[in-house]
Amino acid sequence: MAELRLIYGFHAVTSRIRQNPEGVMEVYLQSQRHDQRMRDLIKLCETNGVRVIPVDSSRLDGMAGGSRHQGVAARVDAAKRVQHLSDVLETLAEPPLLLVLDGIQDPHNLGACLRSADAFGVHAVIAPKDRAVGITPTVEKVACGAAETVPYITVTNLARTLRELKEAGVWVVGAAGEANQDLHSFRHKGSLALVLGAEGEGLRRLTRETCDELVRIPMLGSVESLNVSVSTGILLFEARRQRAMSD
């Protein structure tokens, strides 16, 4: 049974059509726009057999709840996603690189984290089902298509999932400002799960205790911490840099 939801913005809609055209029920396009970008999207819809519905800007405004939609929205089947981590791990040709987000509440932060995950080749993003924002239209738009390319897997018990990853040989590293080890001395080139906590609160106690080790980003200025999405980008860059050095 289809689980329909709305996504909006050129990047999110275009990526969904390219990745999973059968999951796109219909695309709504602002009838007043006739630029090249819109013509390219119409052609993409036609090539993939996706229904296009011209609408006026006021209807799109209402559909997007006042958020900036760029004149594009789509109704998609949200159920067509990777559901289990094992579905991802069984297909990998390299050691897994996973991103674990412990209770991110801000959709803009989650969208930015997904963009970094896509940029640095993360194989899956793992998050708890409860007390986390999940994939919303705002997340999809901020992610600029990364919500379609990076598997986003929700779990009922995050600590248990981390223990299962450890049993499978994945090294679980949590980001914490008070960690003794900083990123300059961190070394790991194998299977890795990077764990980042919620805005302002950081890692929950049980999550922190389940990690194999903790690492901090060295800070030279007066601010005490970085935005979670910025921290995500820094840690993933370093993880990929170390892997490239071992190739």
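The values are calculated or read from the model by the stated rules, or taken from the named source; none is laboratory data. Keep in mind that what you see is a predicted model, and the values were worked out from it rather than measured. Glycine also receives a Cβ, built like all others from the backbone with ideal geometry; neighbour counts cover every protein chain displayed. These accessible areas exclude ligands, DNA and RNA; they are computed on the full protein's heavy atoms, side chains included. Shrake-Rupley method; radii C 1.70, N 1.55, O 1.52, S 1.80 Å.
Note: relative contact order over the stretch 1-140, using C-alpha pairs below 8 Å and six or more positions apart, is 29 percent.
Inter-part distance, the stretch 88-126 to the stretch 167-240, computed on C-alpha centroids, equals 14 Å. Note on surface exposure: Asp102, Asp61 rank Asp61, Asp102 by accessible area, highest first, 1.4 Å probe. Its Cα centre serving as origin, the chain has a Cβ charge dipole (Lys and Arg +1, Asp and Glu -1) of approximately 380 debye. The residues neighbouring Ala179, those whose beta-carbon lies less than 9 Å from its own, together hold a net charge of -2 under the Lys/Arg +1, Asp/Glu -1 convention. All Cα-Cα separations within the chain were binned at 5 Å from zero, giving a P(r) of 1, 6, 13, 17, 17, 14, 11, 9, 6, 4, 1, 0, each value a whole percent of the pairs. Run through the stretch 142-191 and list the GluC sites (Glu not before Pro) located in a DSSP loop whose Cβ has at most 15 other Cβ atoms within 10 Å. Taking the stretch 142-191 and a limit of 15 other Cβ atoms within 10 Å, the loop GluC sites (Glu not before Pro) found are Glu178. Look at the alpha carbon pairs under 8 Å that are at least 6 residues apart: their mean separation over the length of the chain gives a relative contact order of 21 percent.
Per-residue 3J(HN,Hα) values for the stretch 27-33, derived from phi via the Karplus relation 6.51 cos²θ - 1.76 cosθ + 1.60 with θ = phi - 60°, read 10, 9, 10, 5, 5, 7, 8 Hz in sequence order (x marks Gly and Pro).
In this structure the amide hydrogen of Met25, modeled in the peptide plane, comes within under 5 Å of the amide hydrogens of Arg75, Val76, Asp77, none closer than 5 places in sequence on its chain.
Taking other residues whose beta carbon is less than 11 angstrom from the beta carbon of Pro128, and scoring Lys, Arg as +1 and Asp, Glu as -1, yields +2. Could you look at the stretch 155-247 and say what percent of its accessible area is carbon and sulfur, using a 1.4 Å probe and all protein chains? Carbon-and-sulfur percentage of accessible area, whole number: 51.
The local environment of Ser67, defined by Cβ-Cβ distances under 15 Å, has a net charge of +1 under the rule Lys, Arg +1 and Asp, Glu -1.
About the centre of its Cα atoms, the stretch 73-198 shows a dipole size close to 100 debye [charges on the beta carbon of Lys, Arg (+1) and Asp, Glu (-1) only; nearest 20 debye]. Among the trypsin sites (Lys or Arg not before Pro) in the stretch 185-247, those placed in a DSSP loop whose Cβ has at most 11 other Cβ atoms within 10 Å are Arg187. Along each principal axis, taking the top coordinate minus the bottom one, the Cα set of the stretch 98-183 gives 35, 29, 23 Å in descending order. With no solvent and one point per C-alpha, what does the Debye sum give as log10 I(q)/I(0) for the stretch 144-246 at q = 0.13 Å⁻¹? These q points yield log10 I(q)/I(0) values of -0.50.
A Förster radius of 35 Å, combined with the Cβ-Cβ distance separating Leu4 from Arg205, puts the computed FRET efficiency at roughly 0.40.
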